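For reference, the structure is listed below as structure tokens.
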There are 2 protein chains.
Amino acid sequence: MFQTFEVATRPENGPPRLSALRQIMAEDGLDAYLVPRADAHQGEYVAPHDEVLGWLTGFTGSAGFCAVTARRAGVFIDGRYRVQVRAQVDTDHFTPVHWPETKLWDWLREALPSGGKVGFNPWLHTRAEIDKLEAELQGTGITMARHDGPFIDRIWPDRPAPPEEPVTAYPDDLAGEPQADKRARIGKALAEVGEDHAILTLPDSICWLLNLRGTDIPRNPVFQAFAILSADGSVRLYRRDGRAHKEIETLLGDGVTVLPEGMFDDDVRALSGKVRCDPKSAPHEIALALEASAATPVWGDDPCLLPKACKTKAELDGTRAAHLRDGAAMVNFLAWLDAEAPKGGVTEIGAVTALEGFRRATNALLDISFETIAGAGPNGAIVHYRVNEDSDRAVSPGELLLVDSGGQYLDGTTDITRTIAIGEPPADAVASYTAVLQGMIAISRARFPRGVGGAHLDALARFPLWTMGRDYDHGTGHGVGAYLSVHEGPQRISRLSDVALKEGMILSNEPGYYRVGAFGIRIENLLAVIPAPALDGADDRDMLAFETLTWVPLDRRLIDPAQLSPAERVWINEYHDATLRAIGPRVDGPAREWLEAACAPL
Amino acid sequence: MFQTFEVATRPENGPPRLSALRQIMAEDGLDAYLVPRADAHQGEYVAPHDEVLGWLTGFTGSAGFCAVTARRAGVFIDGRYRVQVRAQVDTDHFTPVHWPETKLWDWLREALPSGGKVGFNPWLHTRAEIDKLEAELQGTGITMARHDGPFIDRIWPDRPAPPEEPVTAYPDDLAGEPQADKRARIGKALAEVGEDHAILTLPDSICWLLNLRGTDIPRNPVFQAFAILSADGSVRLYRRDGRAHKEIETLLGDGVTVLPEGMFDDDVRALSGKVRCDPKSAPHEIALALEASAATPVWGDDPCLLPKACKTKAELDGTRAAHLRDGAAMVNFLAWLDAEAPKGGVTEIGAVTALEGFRRATNALLDISFETIAGAGPNGAIVHYRVNEDSDRAVSPGELLLVDSGGQYLDGTTDITRTIAIGEPPADAVASYTAVLQGMIAISRARFPRGVGGAHLDALARFPLWTMGRDYDHGTGHGVGAYLSVHEGPQRISRLSDVALKEGMILSNEPGYYRVGAFGIRIENLLAVIPAPALDGADDRDMLAFETLTWVPLDRRLIDPAQLSPAERVWINEYHDATLRAIGPRVDGPAREWLEAACAPL
């Protein structure tokens, strides 16, 4: 689908580009310069135009940044990327820095003299980021210096242009609510708290609000834009591609004005009244523009976040349909894998290609929802592993294969992880898989009172591993969009998330266990939050529960029935029975036979 | 032990006292007056001198307050006391108000005209309480009016005097740290954050810091005092009883000055530098005194809270010994109950008396640690039920008896709940007890990374009930002192507690289930937080775990083995085996035989 940007990220490109950057830093009087992996919209994927971090350093992970001084260049990466960064950057010139263990302000304090000036592009950093940095640097004499001109363009002559892909309407019958109604509803919510406008900078918020989609960014069906929503429900949309402005206005009707992107900054400066702005996502530049206006800033959540997370009935129905379609593709893949892998000819790249082929064969796949993770044996233990030609590994008997993947369909976004035993699995892998599965089942079975958030449920998924003295270093679950980003907030299943779960939210449920050098295990289903179904013997309590959306067998070769509670065994058998009924009619021949065997009672 | 204060709390006393209060309110120009169940030290138990709420209204619950206007008198009580309040107050003159559902400010706003003056004693309300109330009343024209003279004394001529009981030393070998070392340690911690003094108003903080104990308050071995701790480790202690001041100074040596209580307020006014004061516990009056001083207030936690919660090795050893002693008393009680109750002659009061007798027979009991709860049948479903002569109920076959009790021993404080089947239990009671037990076991078995707090573990205890559509409306666990208060902070197992658990903390683990009109179930052990023991197959992770402190059998007649996971069954058998080994040598004759049968493998 979308071509990712490969050619420029070879390590040998780094040093000359670094020299060029240092030269313009010196010309502009900067002692340091920050290169984040970010665009002005803070998404997980960025367009080639914004792959400055990859272009400069060679590092292509989904998070990180480079801090450059005249003598040092630190590439700050978190635990997911400690192996990858060493393979991708020229470590003679770039130094990987463990982050967040090492704080940027400490690094800068050590690297710079008092009076040092740290340049940054104020469109690429949020208000919250720069506030924190300035607070921590207080008293050091080091100052932050906005530098928002075409700084990088001076040293990157063949830089790809910013994306201006077409914008398309998202059907009302899939969205479940016309965009005019959404604008009126969110505008009213602003009015109720006495606010006059809200600044929107997140593409998925804007796409959701206006029932629009785009292809500016890989894996996320969004377009890049900014917007100002007013309490009367009217929207001013700031979009790069001038040609399409009239078309969008015609499509959306009264209440939406489309303006050139370049006017956004000035329009924010011209605002008055009370204006909501999200410091966690708004570019620093926009926060400054708001502060320079006559308006009173109200720093708070993007008002679309929570309403977007609570899916409409149509979005849930669409998501259910997408999961049945995607589940059939997964079953075709797993049947193929079980037939081919024991012969020894399947590699990680082969598995990724085959799986994408099965998804494409649905004739409904619009994109994959993120880069497929397929890690065999020890590669499975690298949490955000993306196979490439150098790391590719044959899938060998006695190993586990971890496959985390998903599809973007017009009616919904999927995300599923299955871990598969190739041949006879080692005993410890079985005990570990069973513990991970027990955690996954606990979340799936949970009923809970309203008010409970991800921080309260997270331990249910970890408990079976904890009692073995084990754990996993990632969250248990993230929000998922409806033909939008596969990672969306505000809800999560994580110790750090106190957002109460609400009806209609979609979450992943993906505990894992990673034995470095040996295997990785992760099991992931998507869940929707629903009112708890009636139950014999239940008290009269207002509770919520999860509806499982993903229907793909769990690898029974990796389950130790002796570890299970009676209720867990019942859950597995019921899950497989429901999977057979849901997916059986959608697959044929050997895949159907494979599915029947995979779904037999334990 | 301590005589609680009974005679004045008859409903018929209420109306004349209420009239008297209204008259002095009118004389002093107050439109409302607040009567909290509190002293200046914010404990759960108060001395008879401070039982103003009980004296006025008849209500003797452990939490609540009365708001009196010329025409209304609202008794604010939470869910635990909705039945009790109606039995204790004259509802022709007092109106029970559901709290916190009804906010005091809303009630005042409705009851008072603009310009209304709400009198309160600023020693009996915390800074945080009054701040919140004033913030919520802003714009209503209703104001709060301090009234700290002998207001109630004018209408309560035979009011008991404030307590002035002797103060005694707590042995260093039980405390595990000499008081001079504690003062130096906490003083240093203040110095490290740049603070010069800390104001202490909580009796258990002061008792802990100075290795002292007292008997001013029922059930809590503390004395009432205030203190100012300075960064150099010196303490000024403000204590009512002038006769003992020299003795205490001699006992504690250099660095401690004992002064009359009446000087505290003025000494706070004379402070300078940075002064820590806890807005959640300091009286409003003291917060005002601090603000009137030359000092810079630092609003933050009482600096003794966390160090006191993390017990020394000596405190843990003492607590273990206390639990063995208390466990033997409990086993004697349970054996007696099993022999006597089926005959039909045991009442709730009989059970309470017998249990206290067995504890007293240890010759080491200094007090019970709270009023014993013994609820038979439907009385068990009243969460904070305290039996009295009117409510007393025979324990009948086919019912459950819930007994929640504890002892104060010099070496430790205990708190244990057991639920016992009398005769053949109903099937639903067995399923419910088993679910409660599964939650209790999950907490007991938990290993968890450092940083995890009670909010993260709470769901483990509730999960088995949640999956049945059930829950309980109280926290899962509270901190427990070492020969101090049976309820202490800062740690809790509750969705509302994000305090990270630390080595040495003692917590209760007490899930429950309450079927109104039928039965109550609660199972409670105390736990200590310890470094997770070595475990085969564990990863190299720095984890914590719980050590069980309570060794008393669980009622096997109430356990359905078919509901249990393999790991849960192992835990129960190991717990019973360890209980037999720990308590067996401490009981004789029929109790020993009963214990052996109770501890046989499932």
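The values are calculated or read from the model by the stated rules, or taken from the named source; none is laboratory data. Since the structure is predicted, the reported quantities are computational estimates derived from the model, not experimental observations. All Cβ positions, glycine included, derive from the backbone under ideal geometry; neighbour counts span all protein chains shown. Keep in mind that these areas ignore ligands, DNA and RNA; they rest on the heavy atoms of the full protein, side chains included. Shrake-Rupley method; radii C 1.70, N 1.55, O 1.52, S 1.80 Å.
Residues in region B:324-342 that are under 22 Å from B:Val529 (Cα atoms) and open to solvent by 10 Å² or more (accessible area, probe 1.4 Å): 2 in all.
Being of a type in the set (A, V, I, L, M, F, W, C), in a helix (DSSP H, G or I) and open to solvent by 10 Å² or more (accessible area, probe 1.4 Å) is the filter here, so list the residues in region B:227-257 that pass it. B:Ala244, B:Leu251, B:Leu252 - these are the residues of region B:227-257 that are of a type in the set (A, V, I, L, M, F, W, C), in a helix (DSSP H, G or I) and open to solvent by 10 Å² or more (accessible area, probe 1.4 Å). Beta carbons closer than 7 Å, at least 6 apart along the sequence or on distinct chains, pair a first residue in region B:524-540 that is in the same structural domain as B:Phe448 (by TED's automatic domain parsing) with a second that is of a type in the set (Lys, Arg) for B:Val529/B:Lys502; B:Ala532/B:Arg447; B:Ala538/A:Arg470; B:Asp539/A:Arg470.
For A:Val436, the criteria (1) farther than 30 Å from A:Gly214 by Cβ; (2) away from chain B (no Cβ under 14 Å); (3) of a type in the set (A, V, I, L, M) hold in every case but one, which is (2). Note on region A:106-118: residues that are surrounded by 14 or more Cβ atoms within 10 Å (Cβ to Cβ) and out of contact with any Lys or Arg (no Cβ under 8 Å at 6 or more places or on another chain) total 7.
Taking the criterion of being within 23 Å of the chain's Cα centre (by Cα) and open to solvent by 70 Å² or more (accessible area, probe 1.4 Å), the residues of region B:84-99 that qualify are B:His98, B:Trp99. Scanning region B:403-450 for residues being charged (D, E, K, R) and under 14 Å from B:Gly477 (Cα atoms) gives a total of 2.
When the strands (runs of 3 or more DSSP E) confined to region B:383-467 are screened for residues that are aliphatic (A, V, I, L, M) and crowded, with 23+ Cβ neighbours inside 10 Å, those reaching at least 1 such residues are found at B:399-405, B:416-422.
Counting residues in region A:376-386 that are within 22 Å of the chain's Cα centre (by Cα), within 26 Å of A:Arg320 (Cα to Cα) and more than 10 Å from chain B (Cβ to nearest Cβ) gives zero. B:His478 fulfils the conditions (1) over 26 Å from B:Ser281 (Cβ atoms); (2) away from chain A (no Cβ under 14 Å) except for a single criterion, (1). Identify all residues within region B:533-550 that are surrounded by fewer than 20 Cβ atoms within 10 Å (Cβ to Cβ) and either more than 10 Å from every other protein chain (Cβ to nearest Cβ) or aliphatic (A, V, I, L, M) (or both); write none if there are none. Listed by number, the residues that qualify are B:Ala534, B:Leu535, B:Ala538, B:Asp542, B:Glu547, B:Thr548. Under the condition of being of a type in the set (S, T, N, Q) and either in a strand (DSSP E or B) or not assigned by TED's automatic domain parsing to the domain that holds A:Ala198 (or both), the residues counted in region A:214-226 number 1.
Residue by residue through region A:265-318, note down the ones that are over 17 Å from A:Gln491 (Cα atoms), of a type outside the set (Asp, Glu) and open to solvent by 60 Å² or more (accessible area, probe 1.4 Å). A:Arg269, A:Ala270, A:Ser272, A:Lys274, A:Ala292, A:Ala294, A:Thr296, A:Trp299, A:Lys313 - these are the residues of region A:265-318 that are over 17 Å from A:Gln491 (Cα atoms), of a type outside the set (Asp, Glu) and open to solvent by 60 Å² or more (accessible area, probe 1.4 Å). Checking B:Pro561, B:Pro590, B:Pro553 one by one, the residue that is within 29 Å of B:Val395 (Cα to Cα) and either under 25 Å from the mean Cα position of the chain (by Cα) or open to solvent by less than 20 Å² (accessible area, probe 1.4 Å) (or both) is B:Pro553 and no other. Taken as a whole, the condition of being closer than 28 Å to A:Trp208 by Cα, open to solvent by 10 Å² or more (accessible area, probe 1.4 Å), modelled with pLDDT under 95 and assigned to a loop (DSSP other than H, G, I, E, B) applies to A:Glu371. Within region A:193-203, the set of residues being open to solvent by 10 Å² or more (accessible area, probe 1.4 Å) and either over 13 Å from A:Arg276 (Cα atoms) or assigned to a loop (DSSP other than H, G, I, E, B) (or both) comprises A:Val193, A:Gly194, A:Glu195, A:Asp196, A:Leu202, A:Pro203. Of all the numbered requirements in (1) more than 10 Å from chain A (Cβ to nearest Cβ); (2) within 16 Å of B:Leu437 (Cβ to Cβ), B:Ser485 misses one, and that requirement is (2).
Checked against (1) open to solvent by 10 Å² or more (accessible area, probe 1.4 Å); (2) more than 9 Å from every other protein chain (Cβ to nearest Cβ); (3) part of a loop (DSSP other than H, G, I, E, B); (4) in contact with a strand residue (DSSP E or B) (Cβ under 6 Å, 6 or more places away or on another chain), B:Tyr472 passes all but condition (1).
Within region B:508-532, the only residue that satisfies the criterion of being open to solvent by 40 Å² or more (accessible area, probe 1.4 Å) and in contact with a strand residue (DSSP E or B) (Cβ under 7 Å, 6 or more places away or on another chain) is B:Pro531. In region B:258-337, counting only helices (runs of 4 or more DSSP H) that sit wholly within it, the ones holding 1 or more residues that are more than 22 Å from B:Leu527 (Cα to Cα) span B:264-269, B:284-292.
Can you confirm whether A:Ile206 is buried (at least 18 other Cβ atoms within 10 Å of the Cβ), in a helix (DSSP H, G or I), at pLDDT below 95 and not polar (S, T, N, Q)? In short, no. The residues of region B:51-83 that are without any contact (Cβ under 8 Å) to a residue 40 or more places away in the chain, part of a helix (DSSP H, G or I) and surrounded by 22 or more Cβ atoms within 10 Å (Cβ to Cβ) amount to a single one, B:Leu53. Filter region B:353-368 for residues that are in a helix (DSSP H, G or I) and open to solvent by less than 30 Å² (accessible area, probe 1.4 Å); which is nearest to B:Ile523 (Cα to Cα)? Within region B:353-368, the match that is nearest to B:Ile523 (Cα to Cα) is B:Leu355.
From the list A:Leu501, A:Leu526, A:Leu465, the lone residue that is closer than 20 Å to A:Phe448 by Cβ and within 14 Å of chain B (Cβ to nearest Cβ) is A:Leu501.
The set of residues in region B:84-131 that are in a helix (DSSP H, G or I) and under 26 Å from B:Ala225 (Cα atoms) comprises B:Arg127, B:Ala128, B:Glu129, B:Ile130, B:Asp131.
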